[in-house]
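First comes the structure, then the notes that go with it.
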């Protein structure tokens, strides 16, 4: 049985960030990855400036192979059913369009952590002074003995399930799928990530260019039919925006957890097991999870380092330190912050101000209709309470975290 | 609710609280000798934080002189002497110390008199010991617990029988005057009702002794007792210094510079002491005519490197 | 990346305008890969250099005073002699093993952290060699703490000229980065005290240098961030010891206090001056004097013109303001609490007798560690010309308020010497400063646990002000790597990079600090 200081589950960006902190402090760290590396990852790949800065500060300049074409994204364009569109540039210039297969692998290598790929996590037992981690490699059972475990294995986290078996039943699940189309004609500016606030299309509808093809993606409550939802979006783009596409050549999809950042219901783990990244519930408002994954991943690594040096419980350190990242992420969903501050990395209020009064009215009406789509989740009271906590307490209550 | 957790209970002031500032190096006699971070409280605390076991810090733990200079120097208020002693207790003994009963037949009765626990070093300078007893009006004592003092320093076990044998007669005394600071502190825990004073303080309070101190004297404070009660004593000795004009073994931080730098092995006689560099440093650049020590154990160290007269505080009136 | 040169924006394939406003470089370096370590270690030991690889030896060096950058050396060497360091550097050049030099470890951005490779602990070389009381100079090994140097000098009735108010900064560290004290408005930065050095170059030559002997190497060593040599010995100017006479003036306006400070500096009205604040609500201008004559002259000519008040005067003025603003009562309470903690510390009777402060460096430095120090010393700073200083402090103050409930500002002037201009080119000295530069440290109270990201974001925001107004940074160091090209331009940086590459072909010495 391999004995290590830390096991990280999942070879993602948050894992790379956590591993970087751990390795720098001299902790023996092993990353377990289910697939063979480099591995494919479903993602828009559009990183926010904050995430980009983190990558550069911690891993250096990005290699070319870690980027898709177009290599950079200028900002986000919002489209509304009233046919008003507003483009917003990211603060600080363009950001990279990551090729997750290679960017993640590159970051993992830069962290200098040891990776055991094709090794899937199969369960854990927290024994107080160590954690026994069960895994499987090519079907063969494997065991690791670690002082701490970090779950960085994405929205459908097996580590989260291992410590909170009921958790997946407590939150609403969405399906997010994207299809790749050869382009006949596409008037959408390829320098921007396009997003539709359209309740008739889906809970989350987007499109952008990648490597000469156009991605059309849609997210919706689990249970609906992907093919139908997607076809609906393609028709809408064709009719309203003149986007002419071939039949798709590839498609992919995965489960997503939108809610936790919105209602401050994060899951950070238990005992010697930490949950981080999107597994913990971090997601930006435009559905970008990479920047918060990097930062929360780093914080989980720091928490282990601090817990060891200060001889304190790791949960205590992690929860104290994660406060800053919770604030950053939940601020983006906070209506008061959106109305009176600039929590996002592009200037929505300025873009709104550039519209005519009539258009502003249409945008507000469309936004409201879009929000109503989420009514069934009954998040209203929780959002309002989180929004009020922020100015009164300077942050979001820790009592709601798991 | 928010943030209450962020400011949760203060962490204990042990090795884990060390922030690595190195302030203890500035006052550490072992650092002066080795210039090696491993042989300092900072080095030990950081090693422990990184999960190094006590057994792998054996030499460092042995090297500490327990002078306690690092305790008032530490901005994190860690009891660094307690940290070293705790580590010593975790290690097998450097030398087996037989702390068994001495089999004293007759239990002494001090009938409310003062008692001087002189310790081995002062016993060696018998004139000084007798002078001290006379000045302080102390009854003679058979068992001064020097073996216990050594055991405390070494982190060795003291049998309950020996402890009781030592304490039983002391309970009949009115006051204990103790030369050894570690023993004095332990007695304070064993006999919480007893009035316990440190020999240096008991003597230096006396007006007849103070009158003998001159402005060309170097007054050498016993560091362990001084640092264990730093806040009170720094004022006390500052006043003494200004009242008498004598120089003292204090550095710019008003922390006492020990005259010797002996590891546990050296104290136990397993290795030869090498105090010269430390004693030289204490005397460097000082224009003095006489050395007055609180701790009789310092006399030999000074005599080895200096021709200046060295006297114990108790001998001052007859000097 | 272990590429031994800094990358330029064109290396980044993302887009020419990527991160135009928040340009960053890799500030948490990737751990050195360790190739050839075993052979290197063997060669080192064969040359008689003691290499320690245990966790007990290396663990203490995992981070610096800043506490945000961590890195474990593969092994560490305790400095013993110039000869030993020469052997180490020669072998390290041959094997391409990075060597990171550490003094007191008081860097804040990981400059003295080894991200793999060898950590050279200079405190092993910390002995005073000769004190010349006649010529008022001292020759010392540079791993010595300034405070230890003071202990030795004071036995002879002497003192150093100036040093950072921090007991564990080393002579070598200050010579490499500058170092400021409250007498810097008169005496310049601490590095200006050096008149001759013994250095070991990255290729292992031992060179004696001064303004007259090997002048180019001398000038590159001083304020050189350890890029061009390891400074092993230094001859420093010293002076006769004097206790100081302190006076404090309290302001509620930062701007007014800064204006008064600059006025005093211009007129040479005091021997020591500086500003220490409790947030921006209680601003303390301190002045001090080495002699009664200087103090008398100040009392006669300048004192009445200062717009600050005594403690009582300040309290009487603050009271009605706080009475009218009940939402600011927590702040007032904090001020009172802080006063109760700090003031007795500055007036301890064993240090202050008959109105004279006996050991100012001890009093201030001990307070620094006790009330500002912690595991993470977060003290970003800005150094500007006198004209830009108020703007810099005001903007920095706003950033402090945004990130932390409580903080302190520490402002001091630094006298510049024209003859030292060559030393200053790529340094903490702002290029447009004439006569004096002004530095402000922004020091949050670390009274709770923060993520490193929170602290780094705060620091970046302070540093960004510097870029915006054309300032420099006193503790440039690791941040230097992230800001250097924007602060100084490619031409100057490339010129220095070329010099560095020539002096240190394998780019082994203090690799991740500047380039």
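Since every read-out is calculated from the coordinates, none of them should be taken as a lab result. Since this is a predicted model, take the numbers as computed values, not measurements. FYI the Cβ positions are ideal-geometry reconstructions off the backbone, even for glycines, and counts take in every protein chain you see.
So the values come out like this:
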| item | result |
| --- | --- |
| The range C:128-240 - percent relative contact order, Cα under 8 Å, separation 6 or more | 31 |
| Computed lengthening from residue C:353 to residue C:268, 0.36 nm per intervening residue step minus Cα-Cα distance | 28.0 nm |
| Anisotropy class of the range C:403-515 from Cα gyration tensor, a/c 1.5 cut | oblate |
| Between the range C:265-284 and the range C:32-76, the Cα center-to-center distance that results, in Å | 43 |
| Cβ-derived FRET efficiency at R0 22 Å, residue A:270 paired with residue A:132, nearest 0.05 | 0.90 |
| Computed FRET value (nearest 0.05) for residue A:357 with residue A:109, which takes r as the C-beta separation and R₀ as 41 Å | 0.20 |
| Contour excess over end-to-end distance, with Cα ends at residue A:125 and residue A:377 and 0.36 nm allotted per residue | 87.4 nm |
| Sorted by Cβ neighbour density within 10 Å, fewest at the top, the residues C:324, C:286, C:106 | C:324, C:286, C:106 |
| Label-to-label distance, nm, for residues given as residue B:271 and residue A:369 (7 Å Cα→Cβ offset) | 8.5 |
| Residues of the range A:142-164 with amide N under 17 Å of a point placed 7 Å along Cα→Cβ from residue A:28 | A:143-150 |
| Virtual paramagnetic centre 7 Å along Cα→Cβ of residue A:143, amide N under 20 Å, in the range A:261-292 | A:272-273 |
| Residue among B:244, B:260, B:34 with the largest mean-square fluctuation in a Gaussian network model of chain B, springs linking Cα atoms under 10 Å | B:34 |
| In nm, spacing of pseudo-spin labels at residue A:393 and residue C:467 (7 Å Cα→C-beta vector) | 3.5 |
| 0 to 90° range, to nearest 10: angle between helix A:49-59 axis and chain A longest Cα axis | 30 |
| Cα shape, the protein assembly as shown, gyration tensor, a/c 1.5 rule | prolate |
| The range B:162-302 shape via C-alpha gyration tensor axes, a/c threshold 1.5 | oblate |
| Helix-only mean residue ellipticity at 222 nm for chain C, each DSSP H run of n ≥ 4 adding -39500 (n - 2.57), per residue, nearest 500 | -10500 deg cm²/dmol |
| Förster radius 22 Å - calculated FRET efficiency between residue C:130 and residue B:303, Cβ distance, rounded to 0.05 | 0.15 |
| Separation between Cα centres of the range A:48-62 and the range A:192-247, rounded to whole Å | 29 |
| Distance-filtered residues of the range A:370-402 - backbone nitrogen under 15 Å, label point 7 angstrom along residue A:82 Cα→Cβ | A:370-371 |
| Full-stretch length increase - residue C:139, residue C:215 - with 0.36 nm per residue and alpha-carbon distance subtracted | 25.5 nm |
| Inter-site label distance for residue A:189 and residue A:169 at 7 Å from Cα along Cβ, in nm | 4.9 |
| For the range B:131-192 and the range C:95-174, distance of Cα centres in Å | 44 |
